[in-house]
Amino acid sequence: MAANEKTEAFPSLSTQSHTIPETSAQNTTRRRRQSSTLGGDPRGDTGAGAIATNLGTPSSAASAATSPSPADRKSSSEKRPRERKRKKALKLFRRWKRMSFRHTWVNPLIIILVVLSGYFVSPGKHNPLHSALFLSYADPPWNERTNTIPTHVGNVTQYGKGPKDFAFVAFYTVVLTFTREFLMQQMIRPIGIWCGIRARGKLSRFMEQFYTAIYFGVAGPLGFWVMSRTPVWYFNTVGMYEGYPHRAHEALFKAYYLLQASYWMQQALVLMLQLEKPRKDFKELVLHHIITLALIWCSYRFHFTYIGVAVYVTHDISDFFIATSKIFNYLDFWITGPYFVMFLCIWAYLRHYINLLVLKTLLPPGHIPFTNIRTGEFATVGPYELDWDLQQYKCSVSQPMVFLLLASLQTINIIWFFLLVRIALRYLIKGEQKDERSEDEAEEEEVPEPRMGNGLAANGSVVKPVAVE
């Protein structure tokens, strides 16, 4: 039976009613089975980061979920005003710094006004600021007064010396700093631009030399007048030592001497802060300022001021002529060449001939070989011994020290004179006018020239466009 039974055939599939069309099967994409969301985070708007993440706080769930304590909130609220104050102070400091570089005369003016205000609150000699504004040590004892003042000067009030003079020098160093920066920026700079000086380096040099000419144009004649009221007139080397020690002076002499000290102190600050463009002879200039300040202090402290006034005058007059000759060169005046030759003669006479006459007084007593020029007045005129009680310092110990300082100053002047002679020879032979001591003045960057309402420059010429980098 089992053998005779036939196996029933598997029913065939209908190709008409159950077959999927070929095109439909190719275009239909099977839908992926989604995984279960059981136990997961609920779906939502997760496209943007959380606030805690954006603020850079820890991303861990524990730190994000933990809220700051009241103590933390209090400390953060206290820090915010302090941070705002620090930022405000830093902003004000930066603004003051920019202003200080742009208007360098403002800070010295503030110091001057503060000192004047402090004095006029309670004016008088009891005010500590009195010694900064006025001369100190009036009417010293009779044994300290100078008895060699010429008779035509008359009976004048004399002033002694002391530590308070440092305050006078310091204050007027600030005054001269203000004067220099204010004149250069507010008066001399517009004059240079009006004259057509556009390169920044050349304009800076013009401003420096113009101010130098102004100062020495006043200090030179004033020095001659002060010298005429002393036994040193006209570079009388014997009068430098008569009546030594010169422990007191009239008000004009003392004020002139200390103001000169203030000027050279201010010049030393300019050099240290590099407010002026360094020159090729920068090392010689630094050495010159060091020797000058040493001579000023030593001559004032050890009562050799009659030597100092002669050295002041010889340098002031020659500095005026070198400054004006450079101004003429910057302005391309036709008189530059002849004026420079005249200046060389003045320099040689004052800085070398006169100063060598002063130096020969510090040599041993005798005569210069093959001449009748007498030497050694330092040792032969007036007392020549060390006496601490009488402040008598003209002796064999101080003589070589004074000679060394003046000889060092003369050496630097000889080096500069050599450079100046080279300039003169180059001008006479090749027609070139260039200061050997200065760097190249030519610069690409130029100063825009101020225009008037009609489109012309301040000096009346047509303004050309200038590219300023």
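Give the residue that is surrounded by the fewest Cβ atoms within 10 Å (Cβ to Cβ), with candidates limited to residues of region 393-430 that are closer than 23 Å to PRO365 by Cβ and of a type in the set (Phe, Trp, Tyr). Step by step, filter region 393-430, then rank; the result is PHE403. The set of residues from region 297-316 being part of a loop (DSSP other than H, G, I, E, B) and either open to solvent by 20 Å² or more (accessible area, probe 1.4 Å) or under 25 Å from MET342 (Cβ atoms) (or both) comprises just one member, PHE302.
So that you can scan it fast, the table gives a plain yes or no per residue for (1) open to solvent by 60 Å² or more (accessible area, probe 1.4 Å); (2) in contact with a helix residue (DSSP H, G or I) (Cβ under 7 Å, 6 or more places away or on another chain); (3) β-branched (Val, Ile, Thr):
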residue	(1), (2), (3)
SER318	no, yes, no
THR324	no, yes, yes
THR336	no, yes, yes
LEU386	yes, no, no
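Taking the conditions (1) at pLDDT 60 or above; (2) assigned to a loop (DSSP other than H, G, I, E, B); (3) among the charged types (D, E, K, R); (4) under 30 Å from ILE191 (Cβ atoms) in turn, ARG426 satisfies each one other than (2). Among residues of region 90-114 that are in contact (Cβ under 8 Å) with a residue 24 or more places away in the chain, those with a Cβ under 9 angstrom from a residue that is outside any helix (DSSP H, G or I) and open to solvent by 60 Å² or more (accessible area, probe 1.4 Å), sequence gap 6+ or separate chain, pair up as THR104/LEU275. Of all residues in region 359-381, those being closer than 14 Å to PRO400 by Cα, in a loop (DSSP other than H, G, I, E, B) and in contact (Cβ under 8 Å) with a residue 24 or more places away in the chain number 3.
Among the residues of region 160-193, those that are part of a helix (DSSP H, G or I), open to solvent by 70 Å² or more (accessible area, probe 1.4 Å) and more than 22 Å from SER204 (Cβ to Cβ) comprise LYS164, PHE166. Considering (1) open to solvent by less than 50 Å² (accessible area, probe 1.4 Å); (2) on the phi < 0 side of the Ramachandran plot, the lone condition that PHE235 does not fulfil carries the number (2).
Within region 215-232, residues that are over 16 Å from HIS152 (Cα atoms) sit with their Cβ atoms under 7 Å from residues that are open to solvent by 40 Å² or more (accessible area, probe 1.4 Å), at 6+ positions apart or across chains, in these pairs: PHE216/PHE320; GLY217/PHE320; GLY220/PHE320. Scanning region 171-200 for residues that are more than 30 Å from LEU116 (Cα to Cα) and among the aromatic types (Phe, Trp, Tyr) gives a single hit, TRP194.
For beta carbons closer than 6 Å, sequence separation of 6+ or different chains, a first residue in region 166-181 that is within 16 Å of LEU293 (Cβ to Cβ) and a second that is among the hydroxyl-bearing types (Ser, Thr, Tyr) and open to solvent by less than 30 Å² (accessible area, probe 1.4 Å), the qualifying pairs are VAL169/SER262; TYR172/SER262; THR173/SER262; LEU176/SER262; LEU176/TYR263. Looking only at residues in region 242-271 that are small (Gly, Ala, Ser) and under 16 Å from LEU390 (Cα atoms), which one is nearest to the chain's Cα centre (by Cα)? Filtering first and then ranking leaves ALA248. Does at least one position in region 297-312 carry a residue that is at pLDDT 95 or above, touching a Leu at 6+ places or on another chain (Cβ under 6 Å) and more than 22 Å from TYR384 (Cα to Cα)? Scanning region 297-312 turns up no residue that is at pLDDT 95 or above, touching a Leu at 6+ places or on another chain (Cβ under 6 Å) and more than 22 Å from TYR384 (Cα to Cα). GLY196 passes every criterion in (1) more than 30 Å from the chain's Cα centre (by Cα); (2) not polar (S, T, N, Q); (3) not in a helix (DSSP H, G or I) apart from (1). Taken over region 237-294, the residue count meeting the criterion of being polar (S, T, N, Q) and outside any helix (DSSP H, G or I) is 2. Candidates in region 382-398 are the residues that are among the charged types (D, E, K, R) and part of a loop (DSSP other than H, G, I, E, B); of these, the one that is nearest to the chain's Cα centre (by Cα) is LYS394. Among the candidates THR157, THR148, the residue that is open to solvent by 40 Å² or more (accessible area, probe 1.4 Å), touching a residue at least 12 places away in the same chain (Cβ under 8 Å) and touching a helix residue (DSSP H, G or I) at 6+ places or on another chain (Cβ under 8 Å) is uniquely THR157. Evaluate region 346-363: report whether one residue or more is modelled with pLDDT of 95 or more and among the small types (Gly, Ala, Ser). Checked against the condition, which is being modelled with pLDDT of 95 or more and among the small types (Gly, Ala, Ser), region 346-363 yields at least one hit. On the stretch given as region 360-384, residues that are more than 20 Å from HIS246 (Cβ to Cβ) and either open to solvent by less than 50 Å² (accessible area, probe 1.4 Å) or among the polar types (S, T, N, Q) (or both) total 5.
Being within 28 Å of MET272 (Cα to Cα), small (Gly, Ala, Ser), touching a helix residue (DSSP H, G or I) at 6+ places or on another chain (Cβ under 7 Å) and surrounded by fewer than 21 Cβ atoms within 10 Å (Cβ to Cβ) is true of ALA294. When region 119-129 is limited to residues that are over 16 Å from VAL175 (Cα atoms) and not hydroxyl-bearing (Ser, Thr, Tyr), the one that is surrounded by the most Cβ atoms within 10 Å (Cβ to Cβ) turns out to be ASN127.
The values are calculated or read from the model by the stated rules, or taken from the named source; none is laboratory data. In this text the structure is predicted, and so the values were computed from the model without any measurement. Every residue, glycine among them, receives a Cβ derived from its backbone with ideal geometry; neighbour counts consider all protein chains shown. Please note that ligands, DNA and RNA were not included when accessible areas were found on the heavy atoms of the full protein model with its side chains. Shrake-Rupley method; radii C 1.70, N 1.55, O 1.52, S 1.80 Å.
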